[in-house]
1. What nm value, rounded to one decimal, do you get for the distance between Arg517 and Ala420 when each label is placed 7 Å out toward the C-beta?
2. Starting with the fewest neighbours, write out His132, His417 ranked by other beta-carbon atoms found within 10 Å of each beta-carbon.
3. Output the peptides 62-69, 543-550 sorted from most to least packed, where packing is the average of other Cβ atoms within 10 Å over each peptide's residues.
4. Mind checking the alpha-carbon convex hull of region 97-150 and giving the volume per residue in Å³?
5. How much net charge surrounds Leu47 when only other residues with a Cβ under 14 Å from its Cβ are counted (Lys, Arg +1; Asp, Glu -1)?
6. Can you tell me how much longer the chain between Arg353 and Val309 gets when fully stretched, taken as 0.36 nm per residue apart minus their C-alpha distance, in nm with one decimal?
7. Sort Phe97, Phe559 by Cβ crowding within 10 Å, fewest neighbours at the top.
8. Which distance in nm do the two modelled labels at Thr386 and Glu238 give, with both placed 7 Å along the Cα-to-Cβ direction?
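Values in this text are rule-based calculations from the coordinates and carry no lab data. Note that this is a predicted model, so its numbers are computed, not measured. Here the Cβ positions follow ideal geometry from the backbone for every residue, glycine too, while neighbour counts run over all protein chains shown.
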Amino acid sequence: MTGPPPLPDPGPPEAWLPGHGPADPGASGPGGPPPVTRALRLSPKVLLTDPIRMLPSLFLPLVGVLFLGGFSPGSFAWAALGVVGSVVYSAVRWATFTYQVVGDRLELTRALVSRSVRTVPLERIRGVDVSHPPLHRLLGIAVLRIDTGAGGDEKQEGELDGVTEAEAERLKAVLLWHARARLARRAGTAPAGAGFPDPAETGPGGAEAGGEALPGFPAADSEASSSLRHEVGETTPERIFLVVPRRWLAYGPLSGAYLLTPFALLAGAVGAAFQWGGELGVDRRVMWSAVEWLWGHRPLLIAAVALLVLLTPVIGVVMYAVFNWDFTLRARDGYLIAERGLLTRRSVSLERRRVRGFELVEGLVERRTGMARAWAIVTGLGDSQTRGQLLPVVPRAVALDVVGEGVGPITTALRAHPPAARRRRLFRAVFPWLVVAACALAAALAWSGPWWGPVAAALTLALLGVPLGLDRYRSLGHAYDGSRLSVRSGSLRRSQAVVERRAVVGWTLSQTWFQRRAGLLTVVAGVGAGSGGYAALDVGEEEGVAFVSEVTPDWLAPFVVSD
């Protein structure tokens, strides 16, 4: 079977520029929108992937039917009927789902029972991601997800699960082309190399080879065209910032997310066993008996725990490889593209002109070993924790070089916060545990019982709070180099955000009662990207006001009373 036919050429790209063609917005001539394409369907290969994907949800009902029927021929017949029904349902879904580009929008139509049309305006598309789960890779199909910055899940924003790999790359080029065409319309001149991919030149899949600029626009020599090309990156060749070497897979155990994966899987398996054991015919008393038996054989339990601890670093390496195999960060056609994954290969495109900075994150173990991770701070990005990742666990020096080159560096050192901030960090880390210890001690003196254990535990945690508080203070800092500001905080998870000045949309200066007594305040830079705000904690009052005035001199002037 062949994949869907390519979309017809929408005409010369210069037709999208102002002053060309008829004024009728519905015209399909040279000056109107691209001609309406006929509706296309997903690849028929989804008839294989959909039933397999439904198996986990069908497993328990099918097992229940077999158990209730005593594994009789009739129970097997009902189970087979359920499987056939899922296949028929998948076939009907495939036959009733279509997608097409109509003028300036992408329409996703489903007419299973009632007709439902989801419209995605092309000008709102912020990025297009292509992923290849294991079964999809085997069959040569892909999942194409559209990000419009709406903050919803993939199915709310737009998802095509089951297009051919060639169609995914071609449709990705079509959708991203509209962003460049939109910029060209605003600038009033066409950037060179921003044309629409010609199927005759790019092949049946429409994917351009070697990342070269797409043909179609005439060269422009105006200053506006030059600045536009620089912003969008149309005339710059593909540039690879980093390909994670295979030897860096050993850094996987340094990240808590990968290190704790086996424990999370074990907890999930135990929870599923207790929740669904009855459905599988296993009584809970049997499971409790197994737990009691294991508890009664302590050497076996200790050996199992020791084996799990020894295998934890190995599993961390495996999980790092599964998620970040052959991680590549590159720039092409005005986008930052991150590709990664072993079983599921994923490609995420971030529009560079919407990137406002980056966030460098270091866990406690990562800091001790000089490692870090990086995320992009992007306007209008849904699911930023997943889609915004620029780098997995890599050496910190490499991370700073890569994000400085791909996004923009901070060229000045962080400023330390006043000694009062150190006292406040120590107070917050130690005092709560001293309160717990005092309460437990009072209970131990008033009543009999095992209260001395909590007293010792609380005092131990209070002692550990001293180095924790000092480390939290050393992590505090803020800076401004004239174009970007940076704030840093945290200990167990230290985060440093570097944000462009133009991204700041407001400030929040706040003080608690304790901060007022210490002469400190918290300065939050409101940003229309990322998490929405980045805080400089426990800054001196005068220093905090000066920091805001330095970044945005005119904003604070009406509220400052000079001596």
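1. 1.2
2. Going from sparsest to densest Cβ surroundings: His132, His417.
3. Descending mean neighbour count gives 543-550, 62-69.
4. 107
5. Net charge around Leu47: +2.
6. Result for the pair: 11.3 nm of gain on full extension.
7. Phe559, Phe97
8. Taking the two extended label points, one gets 2.5 nm.
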